[in-house]
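J.: Have a look at this one before I ask anything.
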Amino acid sequence: EFRRVLFRSWPNTRVLIWSAQPAVTDTATSWLQRRGLKILEPATLEQMMLEDGVRLTHRSEDEAQVLHGGSRLGAEVVVFADSTIRAGEDSAAHEAREGGHSHGHDGQIYHASVSIRGVSLKTHEVVWSGAARMTPRFHGAVDDSLTRLTCQALATAWAFRPAGYHRIPSSEMCEISG
């Protein structure tokens with residue numbers, strides 16, 4: 001509850017979101033804008049850094065440059081959103097391991113996760129963080145899964161849902177108000 005009250009004082013905070021996955025960036029942008037935060041365009045940072053002779057790669061090695069660039073752009077918080085998509089076994093192997101239950105799906109199984117954290121450019125402290133991971137899934141739209149995981153991670157970071165595994169529909173976390 002403390003974090004939720006704290007975040008109510010954040011309207012108009014200037015935020016730069018940094019992620020390698022457009023689905024994660026777009027979802028975080030919408031989610032944070034609905035809470036009154038002002039989102040800076042990441043392409044502006046990339047252009048500024050290119051003019052300085054720095055090519056950003058969207059890997060963890062970029063974080064110091066992103067923090068510095070975000071400060072130069074007038075951001076108050078940089079949001080780092082990392083996502084992982086890993087292919088797992090195929091459905092036949094999963095079916096054999098699960099005792100013959102493939103639930104009617106064929107093809108690749110994948111695992112996905114999103115971790116997100118907000119870093120204050122004034123104090124260089126992580127002011128909030130959250131993560132979400134998905135149990136193994138058969139096929140499906142990876143971008144849709146990343147969207148739902150981003151909502152879950154943000155809702156956890158902002159104390160709209162408790163940390164840990166809970167059967168709360170991701171769609172509820174994407175539409176949450178407050």
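Here, each number is a calculation from the coordinates, and none is a lab measurement. Computed from a predicted model, the values in this text were never measured in an experiment. All Cβ positions, glycine included, derive from the backbone under ideal geometry; neighbour counts span all protein chains shown.
J.: Using 1/(1 + (r/R0)^6) with R0 = 30 angstrom and r between the beta carbons of Arg72 and Asp143, what's the FRET efficiency to the nearest 0.05?
T.: 0.45
J.: As an exercise, use a Förster radius of 22 Å and the Cβ-Cβ distance of Ser60 and Arg34 to find the FRET efficiency, rounded to the nearest 0.05.
T.: So the FRET efficiency works out to roughly 0.20.
J.: Further question on the same structure: Please give the contour-minus-distance gain from Asp52 to Lys122: 0.36 nm per residue of separation, less the Cα-Cα distance, rounded to one decimal in nm.
T.: Value of the extension gain: 22.9 nm.
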